[in-house]
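What follows is a single structure, written as C-alpha cells, with notes after it.
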Amino acid sequence: MFAPADKAQADETAQSLTIEEGKKLYTVGCASCHGTGGQGTSDGPSLVGVGAAAVDFQVGTGRMPAATSQAAQLPDKKVIYTQAQIDQLAAYVASLGAGPAIPTEEQYGPEGADIAKGGELFRNNCAQCHNFTGKGGALTHGKYAPSLEDVDPKHIYEAMLTGPQNMPSFPDSTMSEQNKKDIIAYLGEVNTDKSESPGGMELGGLGPVSEGLFGWIFGLGGLIAVAVWVAARTAKAKKS
Amino acid sequence: MSTNTSTEPRSRGKAPAGERVADWADGRLGIYSLAKANMRKIFPDHWSFMLGEICLYSFIIIILTGVYLTLFFHPSMNEVEYHGSYIPMQGQLMSEAYASTLEISFDVRGGLLIRQIHHWAAVIFLAGMFVHMMRVFFTGAFRKPREINWLFGFLLFVLGMFTGFTGYSLPDDLLSGTGVRFTQGAILSVPIVGTYISMFLFGGEFPGTDFVARFYSIHILLLPGIMLGLVVAHLILVFYHKHTQFAGAGRTNKNVVGMPLLPVYMGKAGGFFFLVFGFTALIAGIASINPIWNLGPYRPDMVSTGAQPDWYMGFAEGLVRAMPGWEINFWGHTLVLGVFIPLVLFGLFLAILALYPFIESWITGDKREHHILDRPRNAPTRTAFGVAWVTAYMIMLIGGGNDIVATHFNLSINAVTWFVRIGFFVGPVVAFVVTKRICLGLQRRDKDKVLHGRESGIIKRLPHGEFIEVHEPLSQEQMYTLTAHEQYKPAEIGPEVDENGVKRKVKGSEKLRAKLSEAYYGEESQIPKPTVEEYKEITSGHGHH
Amino acid sequence: MSSQDIPEEKLPAERDTTHGALGVADEKNPFADPGLPPHEHRIQDIDERAAKRSERTVALLFTLSMLATIGFIAAFVAIPVDKIVYVFPLGHVSALNLALGVTLGTALFAIGAGAVHWARTLMSDEELTDERHPIEAPPEVRAKVMDDFRQGAKESALGRRKLIRNTMFGALTLVPLSGVVLLRDLGPLPEEKLRHTAWSKGKRLINQNTNEPMRPSDIVTGSLTFAKPEGLDEHDHDFNNEIAKAALMIVRIQPDDIKDKQALEWSHEGILAYSKICTHVGCPISLYEQQTHHVLCPCHQSTFDLSDGAKVIFGPAGHALPQLRIGVNDDGYLEALSDFEEPVGPAFWERG
C-alpha cells in the first residue's frame, strides 16, 4: 500500500531509472552520430527537443540506427530494439529537451473518428506525396514518400507530429488531434491488407500506369493469344 | 411480280419462309447483288489480320456498355453532399457526376462490372488500334490502294484517344480532374487565343460548372458518332479492296487466297466477337480499374502523387514532363514554350506517322497496287523508321510514368527525367541503326537459305575426315516465298539536259528524293535477291556446303 | 517533267506469274511459283468419329454458355450488392462483381469458343481463291465519267454565269459564320479574371484543416499548412473557381536560411505563403521536403526552392511560384497584406 505521495515518488524513481537505462543504450547505439549529449555531429542531427515521439518513430520503424548517413533517404528496416528499450531511449532523449510525447492509443485509435473527413484531410495534406490511398510516391533525387500500408497507427501519428527526415511536420497547432485521428482511421479503412477492393485486384493501387500495363500484357496479350488460336490452321490428318 | 416471264418457272409462294423474306428484302434493297459479291468473300488467315477485329469488337463493347452507363450517370457538376452506401465518403461535398458514378459502382447491381468492362475495353481498344496500326505499317499494307484507309484508321486512333480522355474525365474525380486541369493549363499556353479557348471551353474560369456536361456530349455523341462513321467507311474499304496477304505459293498480287466469309469467317469472326467480349468481361470481373471511390471528388487545390492519364495519353504526358521550362516574355506577352512545344510535338509526332504512306510513295514513285505484304526485313529502312518511331513513343511513355519508374526501380526521378530527355533524341537513332542491321542480316540469311538450303542439324563426316553439316535444299514453295519480294532500284536524278539539248534546272525536291531513294534502296539498304545464275552456279557446283 | 515520274526500269519487276508454267521449277526459273499446294484433309474430314467428337465439344461449349447465363441471373438475384468476400489472389472483392464478371465472361467466351471450334474443325478448310480486279476504272469508263461531268457542268452554266457562281460562293462562305457566332456565349471573355484571386488586404489566413485563423506561433519550422482566404467556404457556389487560384501553402524557414531578400520581406518572421498552384499547368503543388526546402509537383516534377523565392530548379515550369505578402493583424492573426502581385497558376499569352 502506497500513499499518493509515495506513489508519485516511486513513479519518479522509475522514470529516472528508465532514463538511466535509455542513456546507456544511447551511448552504445546512437552517440557516435548524434553526439554524447544528443547535441548532434556532422553525421547526425541534434536530438535536443525532438521529443519521445520522434525516437519512438525512428527506432520503432527501424529507420534508426541508420547504416549510413549518406543515403538519399533512410528506409524502414528490421527493428533491432525491443519496445521496452525504445521507451527507455525515448525517455532519455525526451529528457534532453521538451518535445512531442509518444501518443496514446486514445489519440490514434479509431473511436470517435470521422473516416470521410479523414479522407478529405488525407487528400489535402498527405496524398500529394503518399498517393490517394497511401501507396507511396517519388520525391526529388531518389527520395520518396513510403507506402503507408499496414504501418502501425502510432507511427503514422508520430510521423505527422514530428516530420521525420524530409516529411514536413503537422503539429497539433495546425492539424488538430482530431484531424490526425480521422486521417489514421481513413488509412485503416483503405490501406491495410484487409481493405476492400470491390472491383477486383487493385493492381498496386497506382492508377493508370499499372492499369495500362495490365491492359496491354493481360488484356491485349490474352486477346492476341486467342487470335492466334482462331487463325491457326487445324492440324492435318497424318499421311499414312 | 405477277408478270414474271422468266423462263425458269418460279414458285415463290412455295419457297421456304427464309427465302421468301430474302426475296421480299431483295425487291426493296437489292440484297442479292450485295450478297453475290460478298457472301463467299475470301479472307486470308493470319493472326495479325485479327488485330483490327479486336479493335472493332472492343468498340462495339464500349458502345453497348456506354449506353448502359448513360442510364445511370448524371453529367452534372451540381454540388451535393454524399449520403450513399460508400462509408468513407459520407457527408463529403462532390459533384453529381461523381456521386452518380459512386452509385453506379456501389448501388446498381452489375453497374460496377459494366463500368469496368467499359473502361477495360477502352484500354484494350486503344492498345489494339496501336498494334493494328503497327502491323499495317511494318507489313507495308498502307501502300496503294489503301492510303485512305490508313488515314481513316489513324483518325480513329486519334479520335479514340480524345474520346477516352473525355470519358476518363466525366466522373469528376481527383485524378481525372487533375488531368483536365493539365489540359486547361496546356490550352492557356497557346499563343494569342489560349485564354479565350479556355474560357469558352470551361464556360469561364477553371473548373467552372460546365465542363462535365460539355465533355459528356463530346464523349457520348460527337466523337463516337464520327468514329462510328469512320469505322463503317474503314470496313467498307477493307471489303472493297479485299484483304492483303503474305507472299506464298499460289498467292499473287492479283488474287486473294483464304476462307470464305460464309461459313468459315462467319464462325471465326462472329465467334471472335464473343471471345473478345467474354475475355473483357472476365478481366472486368477480376481486376479493378479506375476505382474512383479511392480517388475522391475533384478539388482544384488537392492532388495525389502518381497523377497519370490513361496509357494512350502517356506519351503526351511524357513530352510535357521531359520538356525544360522555357518561357519567353516580350512586349507584355508570354510565350509559354515549356508547354506549347510539347503540345505541337504531340501533333507533329502523330502526323509523321499519318503522312508516312504518302512520303514513301513519293520516294518510290510507285503507282501500282500492292496486295502482297512485305516482310518487315525486306523493307529495312521503313522497318527501321517504324522501330525508331515506336522507340521514341515508348521512351515518352516511360517519361509519362517517371515517378512510378523511379519508386519501383529505386531511381532518382531527376535521373529518369534526364534519361528520357536524352533518350528521346538518342533512342530512335540507335533503334534505327540497329533495326536496319538486323533486317539486312535476316535478308542475308534468307538468301543463304535459298542458295545453300536449310541447316538440317545433321553432321556428316566426309571421306577425307572433314565434318560438315548437311544442308537440305528448300522446297520450291519455300524458295518462292523467300524470293517473292520486290526490290526497288534507287531513283536517280534524270538527265540534266532535256531531249532538245537544253540544260534544265534540277529541282531541290528531285535531289532530296534521289537522296532518300538511295537511303531506302541503295546498296547499303538491301541485300540483292538471289538470282537464277547464282543459284545454278551453286547447285551445279560442288554440292551443298 | 514532274518529279513524280520515275522511269519504268527503276521500279521493281512485278513477279510475272505467266513466266514459267505454274508449278514447274524449270531451268529458267528455279524460284517459280509452284501454285497452291494440294489440299490436305483434317482428321475430322476423314474420320467421322473425330468429327463427332468436335461436334460434342462445340455443343458442350454452347451448353456451358447457357449454364453460365443461368448462373449470371442467379448471382444477380442472390448476391447482395455490398457483399465483400476474400478470394485469393484477388483480395477482398465484391462478390457480385466477381460472380457477374466470371459468369458473363464464361457465357460469352463459350459461345465464341464453340463457334470458332466449329469453324476450325467442321467447316470446310479448303483454301479458295478470289480474283482481284484493279480498283482503277478502265479508260473508257473514265472517259465516260469525264464526259458526263463536263456535260453536267456545262448545262449548269456555272462557269459561264460568273455572277451566280461568285455570289453562291460568297453566300456559302458566309453562312457558317452564324454557327461560329453562336458559339460566342460558351463562356465569358478572359478580361482580367486570371489576374485576381480571392485574397486582398486584411483577409486572414484560414487553416484548411481546422477552419480557424492562425497565429504565427502555430506555424513551426518544418511544418506544412494549407490555407484559404477568410470568407471562402466550401459550400460557396464559386468555391472551386476561387480555391483554384487562392490555394495557399504555408511553411516556416529560419529567416537566416531564406536566400531571397524580397521573399524574406514578404514573409512574417520566416513564415512564407506561396501559391499552391503550379506555374506549369496548374496542379496543386505541395510535395514539400522540409530539409531541402524543395517543393515538387506530382504531375510533371517541376521543383521549386522555397528558401530561394520559390525559383524553379528542375522541370518544365517556367517561372517561380507567386508569393503572398503576409503580416499579423491587431489580434495577432496572420493576414494577407494584398492580393498576389502576379497571376497565379499556368502562364498564358497575356500574362506578360
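No value in this document is a laboratory result; all are computed from the given coordinates. In this text, all values refer to a predicted model and were calculated from it rather than measured experimentally. For neighbour counting, all protein chains shown are included, and Cβ atoms are generated from backbone atoms with ideal geometry for every residue, glycine included.
As a proxy for reagent exposure, ranking C:CYS278, A:CYS126 by other Cβ atoms within 10 Å from fewest up yields A:CYS126, C:CYS278.
What angle do you read, to the nearest 10 degrees and between 0 and 90, between the alpha-carbon axis of helix A:4-29 and the longest principal axis of chain A? Around 60 degrees separate the two axes. Take each residue of peptide B:471-482, count the partner chain Cβ atoms within 10 Å of its Cβ, and average: the result is 3. With N as its number of residues, the stretch B:193-271 has a Cα radius of gyration that, divided by 2.2 N^0.38 Å, comes to 1.97.
Can you bin the stretch C:199-244 into rounded, prolate or oblate? Criterion: square roots of the alpha carbon gyration tensor eigenvalues sorted a ≥ b ≥ c, rounded for a/c under 1.5, prolate for a/b above b/c, oblate for the rest. Cα axes put the stretch C:199-244 in the prolate bin. Diffusion of the stretch B:328-370 by Stokes-Einstein, at 37 °C in a medium of 0.692 mPa s and with Rh set to the Kirkwood radius over alpha-carbon pairs, works out to 248 µm²/s. Note on the protein assembly as shown: semi-axes of the ellipsoid equivalent to its C-alpha gyration tensor, largest first and rounded to whole Å, are 63, 36, 34. Dipole orientation for the stretch A:8-101: of the candidates A:SER32, A:TYR92, A:GLY60, A:SER32 has the Cα lying most toward the positive pole (charges on Cβ; Lys, Arg +1; Asp, Glu -1).
The alpha carbon centroids of the stretch B:462-482 and the stretch C:244-258 are separated by 78 Å.
In whole percents, the pair-distance distribution calculated for the stretch C:82-190 from its alpha-carbon pairs, binned every 10 Å from zero, is 10, 12, 11, 12, 15, 22, 14, 5, 0. Label positions at B:TYR32 and C:GLU191, each projected 7 Å from the Cα along the C-beta direction, are separated by 7.2 nm. Applying 1/(1 + (r/R0)^6) with r as the Cβ-Cβ distance of B:ASP210 and C:ASN329 and R0 = 51 angstrom yields a FRET efficiency of 0.85. Measuring max minus min along each principal axis, the C-alpha atoms of chain C give extents of 103, 77, 50 Å (largest first).
Derived scalar couplings between HN and Hα for the stretch A:97-105 equal x, 5, x, x, 8, 5, x, 9, 3 Hz in order, rounded to whole Hz, by the Karplus curve 6.51 cos²θ - 1.76 cosθ + 1.60 (θ = phi - 60°), x for Gly and Pro.
Within chain B, the longest run free of exposed loop sites, counting GluC sites (Glu not before Pro) that sit outside DSSP helix and strand states (H, G, I, E, B) and have at most 12 other Cβ atoms within 10 Å, spans B:1-465. Quick one: grab the alpha carbon gyration tensor of the stretch A:1-134, order the square roots of its eigenvalues as a ≥ b ≥ c, and give me rounded if a/c is under 1.5, else prolate or oblate depending on whether a/b is larger than b/c. The shape class here is oblate. Applying 0.36 nm per residue to the separation of C:THR129 and C:ARG56 and subtracting their alpha-carbon distance, the gain on full extension is 23.2 nm. In straight-distance terms, cross-link reach from B:LYS36 covers every one of the aspartates and glutamates whose alpha-carbon lies under 17 Å from its own, apart from those fewer than eight places away in the same chain; here that gives B:GLU19, B:ASP23, B:ASP26, C:ASP130, C:GLU131. Residues A:SER173, C:SER286, ranked from the fewest to the most other C-beta atoms within 10 Å, line up as A:SER173, C:SER286.
The mean sequence distance of close C-alpha pairs (under 8 Å, at least 6 residues apart), as a share of the length of chain A, puts its relative contact order at 17 percent. Projecting the alpha carbon convex hull of the stretch B:269-362 along each direction and taking the average yields 12.4 nm². Normalising the average separation of contacting C-alpha pairs (under 8 angstrom, six or more residues apart) by the number of residues puts the relative contact order of the stretch A:53-135 at 28 percent. Each residue of the stretch B:368-381 was assigned a 3J(HN,Hα) from its phi angle through the Karplus curve 6.51 cos²θ - 1.76 cosθ + 1.60 (θ = phi - 60°); the sequence is 8, 7, 10, 10, 9, 6, 7, 7, x, 5, 7, 10, x, 5 Hz, with glycine and proline shown as x. Extension gain for B:LEU228 to B:MET266 (0.36 nm times residue separation, less C-alpha to C-alpha distance): 11.5 nm. Which entries of C:LYS203/C:LYS276; B:LYS242/C:LYS144; A:LYS135/C:LYS245; A:LYS143/A:LYS194 show an alpha-carbon separation above 22 angstrom in the structure shown? Distance filter (> 22 Å) returns B:LYS242/C:LYS144; A:LYS135/C:LYS245; A:LYS143/A:LYS194.
Potential lengthening of the chain between A:THR104 and A:ASP172 amounts to 23.0 nm, from the contour at 0.36 nm per residue minus the alpha-carbon distance.
Here the calculated FRET efficiency for B:ASN78 and B:TYR240, from their Cβ-Cβ distance with R0 = 45 Å, stands at 0.35, rounded to the nearest 0.05. Please report the spacing between the Cα centers of the stretch B:333-396 and the stretch A:30-80 in Å, no decimals. Cα centroid to Cα centroid, the span is 55 Å. Here is how the number arises for chain C: DSSP H runs of 4 or more residues each give -39500 (n - 2.57), the sum is divided by the residue count, and the result at 222 nm is -11000 deg cm²/dmol.
If you plug the beta carbon distance of B:GLU524 and B:GLU466 into 1/(1 + (r/R0)^6) with R0 = 35 Å, you get a FRET efficiency near 0.50.
Taking Cβ atoms as reference points and 15 Å as the exclusive limit, the residues near B:LEU201 contribute a net charge of +1, counting Lys and Arg as +1 and Asp and Glu as -1. For chain B, the mean residue ellipticity at 222 nm estimated from helices alone is -19000 deg cm²/dmol, where every DSSP H run of n ≥ 4 contributes -39500 (n - 2.57) and the total is divided by all residues, rounded to the nearest 500. Remark on chain A: Rg and Dmax equal 25.0, 106 Å (Cα only).
Here each label is just a point 7 Å from Cα along the line to Cβ, and for A:GLN39 and B:ARG445 those points are 7.2 nm apart. Take the alpha carbon gyration tensor of chain B, find the square roots of its eigenvalues, order them as a ≥ b ≥ c, and report rounded if a/c is under 1.5; if not, report prolate when a/b exceeds b/c, else oblate. Oblate. Each label was represented as a point 7 Å from its Cα along the Cα-to-Cβ direction; for A:ILE217 and B:VAL434 these points are 2.0 nm apart. Can you spot the lysines whose alpha carbon is less than 22 Å from C:LYS162's alpha carbon? Ignore those fewer than 8 places along the same chain. Here the lysines satisfying the reach criterion relative to C:LYS162 are C:LYS154. Of the residues C:MET66, A:MET201, the one with the fewest other Cβ atoms within 10 Å heads the list, and the complete ranking is C:MET66, A:MET201.
With contributions of -39500 (n - 2.57) from each DSSP H run of at least four residues, the per-residue ellipticity at 222 nm computed over chain A stands at -14500 deg cm²/dmol. Altogether, the Stokes-Einstein calculation at 20 °C and 1.002 mPa s, with the Kirkwood radius of the stretch C:193-350 over Cα pairs as Rh, returns a diffusion coefficient of 139 µm²/s. Annotation: aspartates and glutamates with alpha-carbon distance below 18 angstrom to C:LYS259 (same-chain offsets under eight excluded): C:GLU269, C:GLU289, C:ASP305, C:ASP308.
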